[in-house]
Amino acid sequence: MRHRLLVVLVGAGVVLGGLPAAAAPAATASTRPEQEALGLLESAARAGRVLTYSGTQYLATWRGRDTAALVQVAHDPVDGPVVTPAAPAAASDPLPITSAATLDPRLLGRLASTYDLVLLDADRCAGRPADVVEARRPQGAVAGRFWVDRLTGLLLRRDVFDEHGSRISSSAFLDVEVAGDAEAAGVGEPAPQAGAAGSGPGGSPEPLAEAASRLRAAGWEVPEALPLGFGLFDTRLESPSPGQEVLHLAYSDGLSTVSLFAQPGQLGTEPPEGFTLESAGGRPVWKRHEAPERVVWSGNGRVWTLISDAPPAAVRTAVAALPRDPAPRTDLLARLGRGLTRLAGMVVGSG
């Protein structure tokens with residue numbers, strides 16, 4: 001099944017195993033304003049919510065190892081997307097099951113402020129004519145590309161590249177059927193505004209700035225931003241069990257997201273399953289290299305978990321900017337100190 005899947009993906013233009021990727025569409029001779037490129041992505045975000053469509057998508061990542069999957073997507077405006085694997089996934093190749101057609105409208109402003117948006121020559125995807133928007137880093141290197149269906153405004157494909165210009169993820173329709181026409185994409189409720197996401201007491205919505213301020217006043221660390229253009233766009237404080245609170249912070253640069261979880265406690269010395277001990281800025285963290293990447297560590301009396309589809313360099317920089325405990329000492333005095341601590345706990349527990 002794995003071999004058959006790779007053949008399908010290569011035939012569709014997704015190149016695995018180090019083969020050269022297809023050439024990107026060229027930049028238009030007369031570059032249209034960035035606002036027009038942003039407008040295409042805003043239309044795509046709206047179309048992904050209000051149109052009825054179905055099709056087959058591929059999902060592929062290149063993060064230390066090649067991973068790929070095929071999924072079937074069916075979407076209607078009421079129930080949203082239903083995404084199911086088109087073939088049994090290999091246990092060694094986990095991929096998040098998501099729809100490539102969805103764009104979060106809250107992140108488009110962040111995308112435009114972090115990257116330069118340009119329109120490339122028209123291209124085709126899933127047999128349909130498409131406009132291509134490219135997001136470029138300040139130095140001009142490509143960071144991401146979006147293929148937007150000219151007929152319906154639906155997002156057909158999205159590629160993300162690391163700081164070296166190497167593609168690290170790709171998701172696209174191989175075939176798609178859309179009910180309705182381009183006018184349908186212009187109806188529906190207005191797109192959510194950036195900076196208007198947070199959960200107040202009892203899960204009620206509140207403005208992001210107010211939610212962040214309330215959490216800081218309660219003693220939580222809530223950075224407004226992480227390095228490399230990742231800005232806070234969502235906060236949630238949840239109680240999975242009585243007396244236990246878990247903070248979830250979401251950051252994005254418009255292309256990738258960083259989900260950061262914090263809960264009171266101290267990480268043990270045994271590695272979580274599937275994780276390896278590594279160093280970030282000279283301090284220990286546990287990492288699991290897959291898509292998305294996961295990092296776990298202790299800092300300031302809390303256990304932190306970072307889950308992200310961002311390039312590895314962005315993940316390393318984000319972890320280095322967050323609270324982390326120093327590596328435990330291994331000399332005799334440190335071992336004695338830990339032994340005395342355990343002994344004191346036993347005495348207290350038997351009292």
Using the basic label-point model (7 angstrom from Cα toward the beta carbon), what is the GLU270 to HIS164 distance in nanometres?
3.7 nm
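Please arrange LEU154, LEU38, LEU208 by counting, for each residue, the other beta carbons lying within 10 Å of its beta carbon, fewest first. Present the calculation step by step, with values, prior to reporting the outcome.
On the way: LEU154 28, LEU38 16, LEU208 21.
Listed from fewest to most nearby Cβ atoms, that is LEU38, LEU208, LEU154.
Sorting check: for 138-146, 317-325, 53-61, which peptide has the highest mean count of neighbouring beta carbons within 10 Å, and how do the rest follow?
Numbers: 138-146: 16.2, 317-325: 18.1, 53-61: 21.9.
Ranking the peptides 138-146, 317-325, 53-61 by packing returns 53-61, 317-325, 138-146.
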Full extension from THR84 to GLU278: what is 0.36 nm times the residue separation minus their Cα-Cα distance, to one decimal in nm?
66.4 nm
How much length is gained if the chain between ASN300 and GLU36 is pulled fully straight, taking 0.36 nm per residue apart and subtracting their Cα-Cα distance, in nm to one decimal?
90.5 nm
Explain nothing, just the number: relative contact order of the range 201-320, from Cα pairs under 8 Å at least 6 residues apart, as a whole percent.
18 percent
Simple label model, 7 Å out from Cα along Cβ direction - GLN139 to TRP220, nm:
3.6 nm
Computed log₁₀ I(q)/I(0) - Debye formula, equal Cα scatterers, no solvent, the range 201-320, q 0.10, 0.13 Å⁻¹:
-0.31, -0.52
Residues other than ASP76 with Cβ under 14 Å of its Cβ, Lys/Arg counted +1 and Asp/Glu -1, net out at -1
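None of the figures in this text is laboratory data; all of them are computed from the coordinates on show. Computed from a prediction, not measured in an experiment: that's the story for all the values here. Quick reminder, even Gly has a Cβ in these numbers, built from the backbone with ideal geometry, and neighbours come from all protein chains shown.
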